[in-house]
Amino acid sequence: MPAVRSFLLLAATALLSSAASAHPHDSHDHDHAVTRALPSRWYHPEDHPATGLFRRADVPNDGVTYAAVGSPEWSAGYPPDKVDSQPLPEAWTDALAAAIKAGKIPDFPPSQNVPGSNPVYPNGLDPNGDVVCSATEKCRNPGDIWDAPDGVFASSFDDGPTEFSPALYDFLQTNNVITTHFMIGKNILSWPASFLQAFEDLKSDIAVHTWTHPYMTTLTNEEVLGELGWTMQLIHNSTGGRIPKYWRPPYGDSDNRVRAIAKEVFGLTTVIWNQDTEDWSVGTPGGATRPAVDANLQKWITGPKSPGLVILEHELSNDTVGAFMQAFPLIQQNGWKFESLATMDGGDVYQNAASSTEDVTPGLIGVAASAPASSGSSASQSGSATGSSASTSSTSAPAGNNSGKSANGTSSASGSSTAANGQATGAAADTNGAASLFASGLVVGVSALVAAAILL
Ligand SMILES: [Zn+2]
């Protein structure tokens, strides 16, 4: 927060100048050894104007009190199963409509799920062509992440939280490293304690792995919206208002339509991988064996360092977690820089916060496609939690009450005029007034989205 930073700078300057002016007195021969007790109260009282200027939340969130993770209020209002089992918040559908209208979402039909094969596209559409560019077929859209920088082991785990997650989290904490968890929305609801261990204890990075783990390219636009949106909403409401920045499609199944919805509506960057341990298949008929998984990990970790490694790994069983823990010492021994995937490019982990511990800039629901171009520059710092224009007006759904119809205020969220409405400045993010504007709900910053598009 700039205001706080200036305050600290002033304070530091004052200290330095007093230290400098202390020197002339040192030559005096009278006794300086006067013991004085510190004042019992060293801070400004609550009603002091300075307190209002620099008010901070007790925890580094957006000033909103969210329902406790694991409580009935926290878990209420999400789809029990399929994402089309209840209406989507209007803000999301409005944002999708705006993105479609702006020509941002490719118009081709969903693929069909064919058991035992990759999804198949109708009408003879080429999955490897420029129109579709299916990640399942290893077609690389330049906007997606497949590789890590040279020499970087970019760590991530999919499918958590599960009953096997705590062992992994304990291990990571013991080794003083964090990772990126591409979490399944429904799993977060099922394993709230594990979620909290990852986010609050380990302070790891939380990202999106959809609500129900489907083949995303087989879904309609609205289903894609629900799979991403509900997971983002739950993560947002469980992390003090953080808006995820990265998502990984289950099975790596994404295409130009799905990735466009993720980016244009929700500001999400799609992450795939460049090596697959197939750890997920251990124990399944015809699946990989644990020794084979171990051998592959060893081969890659002792292999070339260009590009860096983005290995698909899972919090899915003792074997998937165990294979990583066994291979972990090799990573350092072979000179890799171990980093959480979400931090490997040096950018922020969330769209509105630098990390799971840094301050959060309140965000808003919106569609990047409808944001005026001019808002891009003003938003370019929003990702670094500087309290820039990402903290504009919002859609506010009550915490924990996320039913479709609860997304009132959608009219303020979908219009481009909202996106340009930089009513909340950096200073405002520090005030109670700003906090009351952002009473929960999924609030995705249009400006942050534009910023993400620029930065990535
Ligand atoms: Zn998965």
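The values are calculated or read from the model by the stated rules, or taken from the named source; none is laboratory data. Not measured: the values here are computed from a predicted model. Positions of Cβ are generated from backbone atoms using ideal geometry, with glycine treated the same way; all protein chains shown enter the neighbour counts.
Residues of the range 219-239 that are assigned to a loop (DSSP other than H, G, I, E, B) and farther than 19 Å from residue 136 by Cα: 239 alone.
Can you spot a residue in the range 205-218 that is assigned to a helix (DSSP H, G or I), closer than 20 Å to residue 111 by Cα and within 14 Å of the ligand (Cβ to nearest atom)? Scanning the range 205-218 turns up at least one residue that is assigned to a helix (DSSP H, G or I), closer than 20 Å to residue 111 by Cα and within 14 Å of the ligand (Cβ to nearest atom). Is there a residue in the range 288-300 that is within 15 Å of the ligand (Cβ to nearest atom) and in the same structural domain as residue 232 (by TED's automatic domain parsing)? Among the residues of the range 288-300, not one is within 15 Å of the ligand (Cβ to nearest atom) and in the same structural domain as residue 232 (by TED's automatic domain parsing), which makes the answer no.
When the range 137-155 is filtered for residues that are closer than 19 Å to residue 105 by Cβ and over 23 Å from the mean Cα position of the chain (by Cα), only 139 remains. Scanning the range 202-218 for residues that are over 17 Å from residue 268 (Cα atoms) and in contact with a helix residue (DSSP H, G or I) (Cβ under 7 Å, 6 or more places away or on another chain) turns up 202, 204, 212, 214, 215.
Could you tell me which residue of the range 220-264 is nearest to residue 91 (Cα to Cα), considering only residues that are of a type in the set (D, E, K, R) and within 15 Å of the ligand (Cβ to nearest atom)? The extreme case among them is 227.
Looking across 313, 278, one residue alone is surrounded by 24 or more Cβ atoms within 10 Å (Cβ to Cβ) and within 14 Å of the ligand (Cβ to nearest atom). It is 313. Among the residues making up the range 324-345, a single one is within 16 Å of the ligand (Cβ to nearest atom) and closer than 24 Å to residue 284 by Cα: 324.
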